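Undergrad: The structure that follows is given in the form of structure tokens.
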Amino acid sequence: GWMFAEGVSSFSKLDTACLERLRAWLIERPGRGREKIGHHSLSRYMDALAAFYELRDVLSDAPTVDPSPYCSERSYPRRPKDLRRIPAIPDEVAVPFLAGALTFVEMHSESILRAVSIVLDVKEAVKPCARRYRLYREGLARAALPDHSGRRFRRKCEVVRAAQSLRAAGVIVIGGLVGMRLSEILALRAGAVESRHDPLTGEEHTYLASRL
């Protein structure tokens with residue numbers, strides 16, 4: 001698209017002048033169902049470049065100029081609100097909602113995941129389904145693991161419901177604190193947490209690496 005037309009062969013060749021031209025091009029770009037794309041969408045293009053810039057030490061090709069000044073929605077002219085938008089969740093609702101999900105993850109994830117491990121081990125070791133239910137109950141009874149209400153897990157169905165609640169709480173926490181989209185969260189797999197050292201600042205940064 002734009003980089004090819006401008007003769008920019010790599011992200012590392014994006015300088016301040018290129019970013020200014022890209023900004024001007026985005027402002028005039030047609031939108032879907034409207035004359036031009038909205039200011040929110042405009043800033044998201046620069047957000048992607050800013051993410052590449054932050055990872056410039058580990059990427060083979062990344063911008064060498066910080067695009068973050070162009071990421072603010074205030075740097076783009078606002079369009080008329082011609083499309084319906086989902087209203088913002090008020091703080092008095094969002095804060096307790098996120099806090100509850102975070103507390104659930106912090107307090108109950110270890111017990112729930114151990115119970116899930118017991119269920120999965122039985123399922124893997126015993127093929128006839130009829131024999132599994134007794135072994136589920138026996139394994140959970142020996143472990144004496146509490147659920148989020150304080151009662152001990154006794155049956156597989158209780159573990160499944162708790163695991164579903166933990167998954168929902170995890171999605172809320174990651175979406176609320178990290179800002180990942182639902183599709184990116186659902187694409188997360190074991191080993192997605194990565195830590196990298198920034199040689200410029202000496203700081204350690206932790207990332208959630210999603211593979212779409």
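The values are calculated or read from the model by the stated rules, or taken from the named source; none is laboratory data. A quick note: this is a predicted structure, and the numbers were derived from the prediction, not measured. Reconstructed Cβ throughout: ideal geometry from the backbone, glycine too, with neighbour counts over all protein chains shown. In case anyone asks, the SASA skips ligands and DNA or RNA and just uses the protein heavy atoms, side chains included. Shrake-Rupley method; radii C 1.70, N 1.55, O 1.52, S 1.80 Å.
Undergrad: Scan (1) at pLDDT below 75; (2) within 29 Å of residue 196 (Cα to Cα); (3) assigned to a loop (DSSP other than H, G, I, E, B); (4) more than 23 Å from the chain's Cα centre (by Cα) for the single condition residue 58 breaks and write down its number.
TA: Failed condition: (4).
Undergrad: Do we have residue 200 as within 19 Å of residue 104 (Cβ to Cβ) and open to solvent by 100 Å² or more (accessible area, probe 1.4 Å) here?
TA: Taking the combined requirement at face value, the residue does not satisfy it.
Undergrad: Can you tell which of 130, 115, 143, 125 is in contact (Cβ under 8 Å) with a residue 24 or more places away in the chain and either over 33 Å from the mean Cα position of the chain (by Cα) or closer than 20 Å to residue 167 by Cβ (or both)?
TA: 115
Undergrad: Got a number for residues in segment 134-170 being surrounded by fewer than 14 Cβ atoms within 10 Å (Cβ to Cβ) and of a type in the set (Phe, Trp, Tyr)?
TA: The number of residues fulfilling the criteria is 0.
Undergrad: So residue 183 passes all but one of these: (1) among the hydroxyl-bearing types (Ser, Thr, Tyr); (2) part of a helix (DSSP H, G or I); (3) open to solvent by less than 60 Å² (accessible area, probe 1.4 Å). Which condition number does it fail?
TA: (3)
Undergrad: Consider residue 122 against the criteria (1) open to solvent by less than 70 Å² (accessible area, probe 1.4 Å); (2) in a helix (DSSP H, G or I); (3) out of contact with any Lys or Arg (no Cβ under 8 Å at 6 or more places or on another chain): it satisfies all of them except one. Which criterion is unmet?
TA: Answer for residue 122: the failing condition is (3).
Undergrad: Same structure again: Taking segment 186-197 as the search range and keeping residues that are part of a strand (DSSP E or B) and not hydrophobic (A, V, I, L, M, F, W, C), which one is most open to solvent (accessible area, probe 1.4 Å)?
TA: Top of the filtered list is 197.
Undergrad: Scan segment 87-119 for residues that are open to solvent by 100 Å² or more (accessible area, probe 1.4 Å), at pLDDT below 90 and either of a type outside the set (Asp, Glu) or not in a helix (DSSP H, G or I) (or both) and report the count.
TA: The total comes to 3.
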